[in-house]
Amino acid sequence: MGYSIGVDLGGTNIKIAAVSNDGELLDYRTCDTADQQGSWAQTIKQNIIAIQKERGSSPSHIGVASPGLAAKDGRSIAHMQGRLNGLQGFVWTDFLDSPRPVVVLNDAHAALLGEVWKGAARGYSNVILLTLGTGVGGALLIDGRLAQGHIGRAGHLGHVSLNSDGAPDIVGTPGSIEEMIGNYNLSERSGGRFTSTRQLVEAYVSGDDEASTIWLRSIFHLGVAIASFINALDPEVVIIGGGIAQAGAALFDPLSKYLDKFEWRPLGQRVPIVATSLGEKAGAIGAAYHAMLQAEDQVLEK
């Protein structure tokens, strides 16, 4: 059976999926990124070799997803800030000695493609994906096509400002959504009481007043942002993924109430807000799918 491999390289974990041509998950594995040792490339290579040995054949296609802006030729990450030292300009086709191009794209873009192929975005043409975790990522499907923009910035919704007087985020945007709900600055937002969103949500669910104030304020900001995106992009569905989405009803119930107040619903049209179907596997599956699509496009061009 022919298969493809998708790699999702994150700052903390690496996810690798082998999928059949029709999207059946054949193999899935995770491992630590170990960025401080710069060993992530070798880790990925060793896992791909292991999958090839187990399956008895080489993959038809390989795709890699990671943070950063993908190069125009799709062979590397052209711009990456602050972590994964050595990733910028790293050409995977050369490193993996692949006979076919190893195609690269942004991790949130890959997650959306995974959901389009086999997840919560299947059958839709206009979709917003938000990934809520350490920071806030995003991706857009517009009229059936992944929006990448001029240099790959399209979909970076976490860096949209909600407070022009707020502190600048990692790209310099003042008071961005990422500042309002990202896990990375929770300690600061909670006066040092909470260091993870999991702790905050557990305290909120148990009825802690201070935790409720902090958590619901974060959800309030998220609701404002989503309502604004709906007005600008008119999606059929908004999909939420990332670690914070694992809060389940603690996230989606208050978010729904805020959107009842903020969302513009002409003709009674309410946009569904749903969790990802593929979870942490979305990026790796999407990377494999992207590689398959790119190969198809090249054949059609010929």
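The values are calculated or read from the model by the stated rules, or taken from the named source; none is laboratory data. From a predicted model like this one, the values you see are computed outputs, not experimental measurements. All Cβ positions, even for glycine, are placed from backbone atoms using ideal geometry, and neighbour counts span all protein chains on display. What goes into the accessible areas is simple: the full protein's heavy atoms, side chains included, and nothing from ligands, DNA or RNA. Shrake-Rupley method; radii C 1.70, N 1.55, O 1.52, S 1.80 Å.
What to note about this one:
- Carbon plus sulfur fraction of accessible area for the chain, probe 1.4 Å, in percent: 48 percent
- Sequence-distant residues sharing a close amide H with Val104 (under 5 Å, placed H): Val64, Arg75, Ser76
- Net charge in the neighbourhood of Ile14 (other residues with Cβ under 15 Å of its Cβ; Lys, Arg +1, Asp, Glu -1) is -1.
- Among Leu84, Asn126, Gly63 the positive-end extreme of the charge dipole of the range 49-139 (Cβ point charges): Asn126
- Largest to smallest accessible area among Asp27, Asp209, Asp22 [probe 1.4 Å]: Asp209, Asp22, Asp27
- The packing ranking of peptides 123-133, 107-117, highest mean first, is 107-117, 123-133, where packing means the average number of other beta carbon atoms within 10 angstrom of each residue.
- Mean-position separation - Cα centroids, the range 95-153 and the range 21-47, in angstrom: 18 Å
- Probe 1.4 Å, accessible area per residue of the chain, Å²: 47 Å²
- Remark: the range 159-237 projects, on average over all directions, an area of 5.9 nm² (convex hull of Cα atoms).
- Over 23 Å (Cα to Cα) - which of Lys257/Lys281; Lys261/Lys281; Lys45/Lys281 fall in this group: Lys257/Lys281; Lys261/Lys281
- Sorting 196-205, 87-96 by average packing, meaning the other beta carbons within 10 Å per residue, from highest down gives 196-205, 87-96.
- On the principal axes of its alpha-carbon atoms, the chain has extents of 56, 47, 34 Å, going from largest to smallest.
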